[in-house]
Protein chains: 2
Amino acid sequence: MPHINLALIGFGNVGQALAQLLIRKQYDLKNQYDISFTVTAIGTGTHGAAINPDGIDLNQAISMIGSKASLDALSTVPVPTDGLSLIKNCRADVLFENTPVDYETGQPALDHLRTALELGMHAITANKGPVVHGFKELSTLATSRGRKFYFESTVMDGAPIFSLFRETLPAANLIGFRGILNSTTNLILSRMETGEDFDEAVTYAQSIGIAETDPSGDIDGWDAAIKVAALVNVLMGISLKPADVDRQGIRAISARDIQQAKQTGKRWKLVCSARRTGDRVTAKVQPEMVSSDSPLYSVDGTTSVVQFETDVLGLLSVIENDPGPETTAYGLLADFINAVTPRQ
Amino acid sequence: MPHINLALIGFGNVGQALAQLLIRKQYDLKNQYDISFTVTAIGTGTHGAAINPDGIDLNQAISMIGSKASLDALSTVPVPTDGLSLIKNCRADVLFENTPVDYETGQPALDHLRTALELGMHAITANKGPVVHGFKELSTLATSRGRKFYFESTVMDGAPIFSLFRETLPAANLIGFRGILNSTTNLILSRMETGEDFDEAVTYAQSIGIAETDPSGDIDGWDAAIKVAALVNVLMGISLKPADVDRQGIRAISARDIQQAKQTGKRWKLVCSARRTGDRVTAKVQPEMVSSDSPLYSVDGTTSVVQFETDVLGLLSVIENDPGPETTAYGLLADFINAVTPRQ
């Protein structure tokens, strides 16, 4: 296989975890898949950018970010002024797009991925925005250029969800799904079962870096809704925007509700669901009490689960325990390997 | 894609369910994958065999088996005398091998699959025997002939397990797994929780066709052990025979044990597990009490589960609810589609 040049746009927790995983797995990639690679471009939000056709030292780049230095110093060509100019000048074969999500427009990720595909690169992202706002366009573009648009890490981190259907469930029709897809709210509900009130649980989730300073995107169900929309768009072939999801967050769940559920052997969960009826789909994010005969019951803390109903397998569930940036990074790596290798 | 000829050896519940699924999905296969096919040979254990290069009417074949007629009448060439002669004379492109399992030798499935691969066919089976007794040999042979040896339906019916690792978890190293892989014993333990004693639960499992007349292969853990061996051989790359699995069945679990576990919020399960230590593996089948924080806890009746620990994703679990011959048939269909199509 020809040597492969990689460009990384977005070099926060996930981008850096990807760089570390690429270092750790480079011998396995060569030995098992005959893949050799060089990272020739890195673009960051606030720490500059670098293009070096001879290859950027990933350990050095991570270390520079750690000491808040600009990556501009690593560039051997004029430093690109923004993401698009980096993509246009990096001559990479694969773009990893990991800029922050914009729920409303999917930008700038959408433009980054489109430009990469137009230039003949494989386009891989952990960003939900362009999946919800550009799945059809980017998939069609990728196919027309003989390249791949993959995004495994956008739902349930690196757990195989999109590749599960794409690669292992051919000719299966997805009828519906139910799951727990937002880590922050599940952690908050789990903490409340141990006696914390809502605000204490939110503060705890913020203290360990799971919840953001403004946690409303999670608590009001927006993150869950965009994941539901991504699953419906890709796996059910039905165009659905996050705003079309019947959405209710967890603000109304009181400590008393939690304790009452516990007394009857149940647990409150923020349940994501969708169900096809003809050409339409009903999609919801809402708190529900689940009992111990459901695979959702044992899902604690930041763990996530999805239960798929298909026309060929009945119910099939996938659970991913305690994800983190390194599991998201693995989804990106898996997409990369699958994009450039034939079926094993 | 060129037209594909299929041969089916073994035409019991699974073989007939496959035939029905092939009929049901023929338009999807053509529309989504450009696959057109004809079944040109069917071999049965006790109802004869048929080769017809122009195609065998699957509905007619199923109907004849239902009325205990011999398929010999459908053959347009001299009726093959056994499985090997059917394979040698059928000129198929894909062999589906669904004869009954032989735990000790893997025969005659092993010979059937080897012969098919040598003749340039893809070889697909739901039979665990040849996986445990011939995985390396058959995989190597398949690779050397540019064909596939696939066997998704041998563990957890049609749920993606082998294809999960092969297609969606590239470069992942499997460290160990825990699961419930035998439906009969899980159904028996579930029934005992409702108050039945062991013998009553066994009788019930036999009455609905889940347990065999001699249920010892399930109850003593042999079926579970061969599935553990299949997973270890294929996914961990370590040669392991079913007899090497530290095996204990469920005969010693009393109604009282079940009730005591229930009182402490736990459930008895026949747990399959394996764990790698260097180049070696420790593999077990034994009854264990599991608590509600485990995904094994909610697994009731004939449902099965496996929880994988890898170096890249932490814990990843797959649950398949209430499998049957039609889900096993789907695993065979998925193998067929994956064998003949490039990555999507």
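May I ask you to derive the relative contact order of chain A, considering only C-alpha pairs under 8 Å and at least 6 residues apart, and to give it as an integer percent?
Details: 693 pairs, mean separation 59.7, N = 344.
Across chain A, relative contact order equals 17 percent.
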Take every DSSP beta bridge with both residues inside chain B and express the antiparallel ones as a percent of the total, to the nearest 5. 65 percent
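Do the alpha carbons of any pairs in A:148/A:227; A:25/A:148; A:262/B:266; A:227/B:148; A:266/B:128 sit beyond 27 Å of each other, and which pairs? Write down the numbers at each step before the final one.
On the way: A:148/A:227 21 Å; A:25/A:148 21 Å; A:262/B:266 16 Å; A:227/B:148 35 Å; A:266/B:128 39 Å.
Pairs exceeding the cut-off: A:227/B:148; A:266/B:128.
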What span do the alpha-carbon atoms of the stretch A:208-270 cover on each of the three principal axes, reported in whole Å from largest to smallest? 41, 30, 19
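For chain A, what ratio Rg/Rh do Cα atoms give with a Kirkwood hydrodynamic radius? Display every interim value, and only then the final one.
Working: Rg = 20.6 Å, Rh = 20.9 Å.
Here the Rg-to-Rh quotient is 0.99.
Could you compute the net charge surrounding residue A:119? Neighbours are other residues with a C-beta less than 13 Å from the C-beta of residue A:119; K and R count +1, D and E count -1.
On the way: positive: A:88, A:91, A:114, A:145, A:147; negative: A:93, A:111, A:118.
For residues surrounding residue A:119, the net value is +2.
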1.4 Å probe accessible area per residue over the protein assembly as shown, in Å²: 39 Å²
Pseudo-label separations to other copies for residue A:3 - Cα-to-Cβ vector, 7 Å, nm: 4.9
Carbon plus sulfur fraction of accessible area for the stretch B:88-142, probe 1.4 Å, in percent: 49 percent
Can you compute log10 of I(q)/I(0) for the protein assembly as shown with the Debye formula, treating each Cα as one identical point scatterer, at q = 0.10, 0.11 Å⁻¹? -1.01, -1.20
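Across peptide B:305-316, what mean number of C-beta atoms from other chains lies inside 10 Å of a residue's C-beta? Please report the intermediate quantities before stating the final value.
Details: counts 3, 0, 2, 0, 1, 3, 4, 11, 13, 12, 5, 10.
Mean partner shielding for this stretch: 5.
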Hydrodynamic radius of the stretch B:134-245 per Kirkwood, over alpha carbon pairs, in Å: 16.0 Å
So what is the relative contact order for the stretch B:128-221, in percent, with contacts set as C-alpha pairs under 8 Å and at least six apart? 16 percent
10 Å Cβ neighbours from other chains, averaged over peptide A:317-324: 6
Given Cα positions, please report Rg to Rh for the stretch B:45-202, the hydrodynamic radius being the Kirkwood one. 1.05
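Roughly how large is the B-A contact in terms of buried accessible area, totalled over both chains, probe 1.4 Å, nearest 100 Å²?
Working: alone 15390 and 15400 Å², together 26710 Å².
For chain B against chain A, roughly 4100 Å² becomes buried.
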Students often check this: by mean Cβ neighbours within 10 Å, which of B:158-170, A:251-263, B:282-294 ranks highest, and how do the rest follow? B:158-170, B:282-294, A:251-263
Rounded to whole Å, give me the distance from the Cα center of the stretch B:136-186 to that of the stretch B:86-126. 17 Å
Residue-averaged beta-carbon neighbours from other chains (10 angstrom radius) around B:156-167: 5
Would you mind telling me the antiparallel percentage of the DSSP bridges in the protein assembly as shown, rounded to 5? 65 percent
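Helix-derived [θ] at 222 nm for chain B: sum -39500 (n - 2.57) over DSSP H runs of at least 4, divide by residue count, nearest 500? Display every interim value, and only then the final one.
On the way: 12 runs with 128 residues, N = 344.
Per the formula, -11000 deg cm²/dmol.
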What does the net charge come to around residue A:154 if you take all other residues with beta carbon closer than 13 Å to its beta carbon, with K and R at +1 and D and E at -1? -3
In the neighborhood of residue B:50, defined by Cβ-to-Cβ distances under 13 Å, what is the net charge if each Lys or Arg adds +1 and each Asp or Glu adds -1? -3
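Nearest 5 percent is fine: what portion of the DSSP beta bridges confined to the stretch A:1-152 is antiparallel? Walk me through the numbers on the way to the answer.
Numbers: 3 of 19 bridges.
Expressed as a percentage, antiparallel bridges in the stretch A:1-152 total about 15.
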Could you order the peptides A:49-58, A:211-220 from most to least packed, using the average number of other C-beta atoms within 10 Å per residue? A:49-58, A:211-220
Expressed as an acute angle from 0 to 90° and rounded to the nearest 10, what is the orientation of the C-alpha long axis of helix B:183-193 relative to the principal long axis of chain B? 30 degrees
Taking the inverse of the average 1/r across all pairs of different Cα atoms in the stretch A:184-227, what Kirkwood radius in Å do you get? 10.4 Å
By average C-beta atoms within 10 angstrom, highest first, the peptides A:30-41, B:102-113: B:102-113, A:30-41
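The values are calculated or read from the model by the stated rules, or taken from the named source; none is laboratory data. Keep in mind that what you see is a predicted model, and the values were worked out from it rather than measured. Backbone-built Cβ (ideal geometry, glycine too); neighbour counts: all protein chains shown. Calculation scope for accessible area: heavy atoms of the full protein, side chains included, ligands and nucleic acids excluded. Shrake-Rupley method; radii C 1.70, N 1.55, O 1.52, S 1.80 Å.
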